Amino acid sequence: MKTNHSTVSVSLMIMGILFCVCLITSNLVNAKLVQIGSYSMTAGFIVFPVSYILNDCIAEVWGFRKARLIIWMGFLMNFFVVAIGGIACALPAAPYWQGEEAFQFVFGLAPRIAAASLLAFLVGSFMNAYVMSRMKLRDKEKRFAWRAILSTIIGEGADSLIFFPAAFGGLIPLDELGKLMLLQVTAKTLYEILALPITTRVVRFMKRYEGTSAYDNEVSYNIFKFFDV
């Protein structure tokens, strides 16, 4: 099966929209810390791993070119929301407005954390897509589950290695920072494994529905060629 690199299907558009929504939602709900057993983590854990699952689906069905475009769109949409939130926070509140403190808490993301989040997302997402692409060239249509799990470990690992030191370095003791990073990668990978039966079925359906399964034989992995789809 071959992919027509010059077109974008409705299914891919829907996947791309879901990808962007998951990222934006994750950033917003990250303002809340939740307790799961004896561990604490941000509420973004609910939805952020879904972006990696969608990334896996897009890279598997449509290839690295399409994944690259959607990753950049996710980055730009995230940046847009962060920027607009910052502008809204800077504008003076109406005298009768009672929700300023809560609004600032959710949308007033510190520049350091915002920059760390955006950079970590870019690196982690591209690592995820790259691993999926390269492994598929070797495995063909076999071992999708293995590709999905390994790409998530590498992508989430890169994301955590960048985000936590960049966002919290000097604020959290190094040993605690290491534990937090390990917990995030482990939990998100388990999330991916639990979701694999659904992910596999979605990928199979999309391959049949689209009549395609991309192989990146001649693709450039230059992440800045986002118009090469």
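Please identify the longest segment of the chain free of exposed GluC sites (Glu not before Pro), where exposed means a DSSP state other than H, G, I, E or B and no more than 12 other Cβ atoms within 10 Å.
Segment 1-140 is the longest.
Go through 32/142; 140/188; 179/225 and tell me which ones have a Cα-Cα distance over 31 Å in this structure.
Those over the limit are 32/142; 179/225.
Defining a contact as two alpha carbons under 8 Å apart and six or more residues distant in sequence, what relative contact order in percent does the chain show?
The value is 30 percent.
Give me the percent of accessible area attributable to carbon and sulfur for the chain, probe 1.4 angstrom.
Exposed carbon and sulfur together represent 72 percent of the surface.
Express in % the proportion of alpha carbon pairs of segment 109-168 at distances exceeding 17 Å.
Roughly 44 percent, rounded to a whole number.
Express the C-alpha Rg of the chain as a ratio against the empirical globular expectation 2.2 N^0.38 Å, rounded to two decimals.
Against the compact-globule rule of thumb, the ratio is 1.07.
Once you have the alpha carbon radius of gyration of segment 1-116, what is it after dividing by 2.2 N^0.38 Å, with N set to its residue count?
1.30
Provide Rg and Dmax in Å for segment 1-62, with only Cα atoms included in the calculation.
15.3, 50
Under the rule a/c < 1.5 gives rounded, and otherwise a/b versus b/c splits prolate from oblate, where does segment 41-95 land using the Cα gyration tensor?
oblate
Could you do me a favour and compute the accessible area per residue for the chain, 1.4 Å probe, result in Å²?
Accessible area per residue: 54 Å².
Round to a whole angstrom and tell me the spacing of the C-alpha centers of segment 142-161 and segment 196-210.
Value for the Cα centre distance between the two parts: 18 Å.
From the helices alone, meaning DSSP H stretches of at least four residues, give me the mean residue ellipticity at 222 nm for the chain, per-run term -39500 (n - 2.57), in deg cm²/dmol to the nearest 500.
Here the helix-only value at 222 nm equals -24500 deg cm²/dmol.
The values are calculated or read from the model by the stated rules, or taken from the named source; none is laboratory data. Model, not experiment: these values are computed from the prediction. Here Cβ is always computed from backbone atoms with ideal geometry, including for glycine, and neighbour counts include all displayed protein chains. Ligands, DNA and RNA are stripped out before the accessible areas are found, and what is left, the full protein with its side chains, is counted by its heavy atoms. Shrake-Rupley method; radii C 1.70, N 1.55, O 1.52, S 1.80 Å.
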